[in-house]
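S.K.: Next up is a structure, given as structure tokens.
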Amino acid sequence: MTPQDPLGNLGSSLAAESAAVEQRFDTADRLAGAPPPAETAVRATFSFPRSDHALLADLQARCLAAQVQVSKSELVRAGLHALAALPPEALREAVGTLKKYQPGRSRWAAPATPSPRS
């Protein structure tokens, strides 16, 4: 007779039970027609000219006047969806009206926050 490992048996029993519960929830979601999991967000950092940043603030104010509260991110996303719906000629015209902008910070620009000196 070989000695049994109670901790090993407990661990495998808990793992089997966890897998069974997960499978039951998956089956229930599939049968109930649950919506797919939400899309995950991607964090992106990019630069705007000051005038475009002011335009975002103006659009937020206009949305508030129309009793709709939106974030800058939502405005950018709405603009992307509006551009995606345009035919190629209109898209070319809309993008062609933008001035070229050198992205990023100048290497000679002062730091945003001064570093503390000891």
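The values are calculated or read from the model by the stated rules, or taken from the named source; none is laboratory data. As the structure is a prediction and not an experimental result, all values here were calculated from the model. All Cβ positions, even for glycine, are placed from backbone atoms using ideal geometry, and neighbour counts span all protein chains on display.
S.K.: Residue by residue through the range 16-67, note down the ones that are of a type in the set (V, I, T) and in a helix (DSSP H, G or I).
M.R.: In the first step, residues of the range 16-67 are kept if they are of a type in the set (V, I, T); the result is 21, 27, 40, 42, 45.
If the condition is that a residue be of a type in the set (V, I, T) and in a helix (DSSP H, G or I), then V21, T27 are the ones that fit.
S.K.: Given the criterion within 30 Å of E74 (Cβ to Cβ), modelled with pLDDT of 75 or more and among the small types (G, A, S), identify the matching residue among A15, A38. Explain how you work it out, then say what you get.
M.R.: Details: A15 fails: within 30 Å of E74 (Cβ to Cβ).
When all the criteria are applied, what remains is A38.
S.K.: Just the residues that are among the charged types (D, E, K, R) and either surrounded by 11 or more Cβ atoms within 10 Å (Cβ to Cβ) or closer than 30 Å to T97 by Cα (or both), please, taken from the range 13-71.
M.R.: Just the residues of the range 13-71 that are among the charged types (D, E, K, R), to begin with: 17, 22, 24, 26, 29-30, 39, 43, 50, 52, 58, 62.
Selection gives D26, D29, R43, R50, D52, D58, R62.
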